[in-house]
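K.L.:
Got a structure for you, questions after.
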């Protein structure tokens with residue numbers, strides 16, 4: 001009988017040990033779950049990417065492959081527009097004008113865009129550019145940067161003119177040339193209106 005009572009006590013001890021291990025395991029698992037970060041609430045629905053990504057892609061394609069240079073002549077000024085970049089030039093502020101012929105002088109290197117407030121796409125270049133070939137010309141060497149409104153990779157003629165900026169009291173050099181405008185007409189209009 002002693003062996004039965006010893007067995008019972010050994011069996012009870014084993015059961016008690018198993019229960020203590022299970023309790024410790026349960027406490028450990030609770031601590032681990034408490035340590036895990038809680039799931040964040042989703043701010044945007046999962047379908048958000050289905051609509052936003054294509055919309056951004058379409059806008060990028062439009063900005064990259066569309067647009068043209070256009071000129072609207074007014075009585076006292078003219079407007080140059082290249083997609084979203086626009087300039088209004090008053091005839092009275094133009095101090096010099098020159099017709100740059102690609103046949104005589106070679107293709108004009110447009111240079112590189114300066115800053116981020118311009119447009120430099122596969123179709124258009126508009127905004128502030130570094131001197132490029134213009135900085136090597138004696139007449140325009142002091143300008144450094146200039147305002148460009150042209151087609152990308154344009155190899156035709158340009159109208160180069162300087163405009164007196166009444167705010168900063170300095171001359172600004174402009175270069176305009178594109179397949180969509182009549183460069184000769186622009187030059188003739190500036191000469192006629194300014195008398196230069």
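K.L.:
In segment 125-141, which residues are modelled with pLDDT of 75 or more and at positive phi?
P.N.:
Selection gives 127 alone.
K.L.:
Would you check if residue 17 is loosely packed, with under 13 Cβ neighbours inside 10 Å, in the same structural domain as residue 146 (by TED's automatic domain parsing) and either modelled with pLDDT under 90 or out of contact with any helix residue (DSSP H, G or I) (no Cβ under 8 Å at 6 or more places or on another chain) (or both)? Spell out how you get there, then give the answer.
P.N.:
Values: loosely packed, with under 13 Cβ neighbours inside 10 Å: yes; in the same structural domain as residue 146 (by TED's automatic domain parsing): no; either modelled with pLDDT under 90 or out of contact with any helix residue (DSSP H, G or I) (no Cβ under 8 Å at 6 or more places or on another chain) (or both): yes.
Spelling it out, it is not the case that residue 17 is loosely packed, with under 13 Cβ neighbours inside 10 Å, in the same structural domain as residue 146 (by TED's automatic domain parsing) and either modelled with pLDDT under 90 or out of contact with any helix residue (DSSP H, G or I) (no Cβ under 8 Å at 6 or more places or on another chain) (or both).
K.L.:
Those residues that are within 31 Å of the chain's Cα centre (by Cα) and in a loop (DSSP other than H, G, I, E, B), I need them from segment 91-119; list them, please.
P.N.:
Selection gives 106, 107, 108, 109, 110, 111, 112, 114, 115, 116, 117, 118.
K.L.:
Within segment 75-87, work out how many residues are surrounded by fewer than 12 Cβ atoms within 10 Å (Cβ to Cβ) and either more than 15 Å from the chain's Cα centre (by Cα) or not assigned by TED's automatic domain parsing to the domain that holds residue 176 (or both).
P.N.:
Residues in segment 75-87 being surrounded by fewer than 12 Cβ atoms within 10 Å (Cβ to Cβ) and either more than 15 Å from the chain's Cα centre (by Cα) or not assigned by TED's automatic domain parsing to the domain that holds residue 176 (or both): 2 in total.
K.L.:
Please state which one of 155, 139 is more than 22 Å from the chain's Cα centre (by Cα) and farther than 23 Å from residue 194 by Cα.
P.N.:
Working: 139 fails: farther than 23 Å from residue 194 by Cα.
Only one candidate qualifies: 155.
The values are calculated or read from the model by the stated rules, or taken from the named source; none is laboratory data. Since we're looking at a predicted model, the values are computed, not measured. Cβ sites come from the backbone with ideal geometry, for glycine too, and all protein chains shown count toward neighbours.
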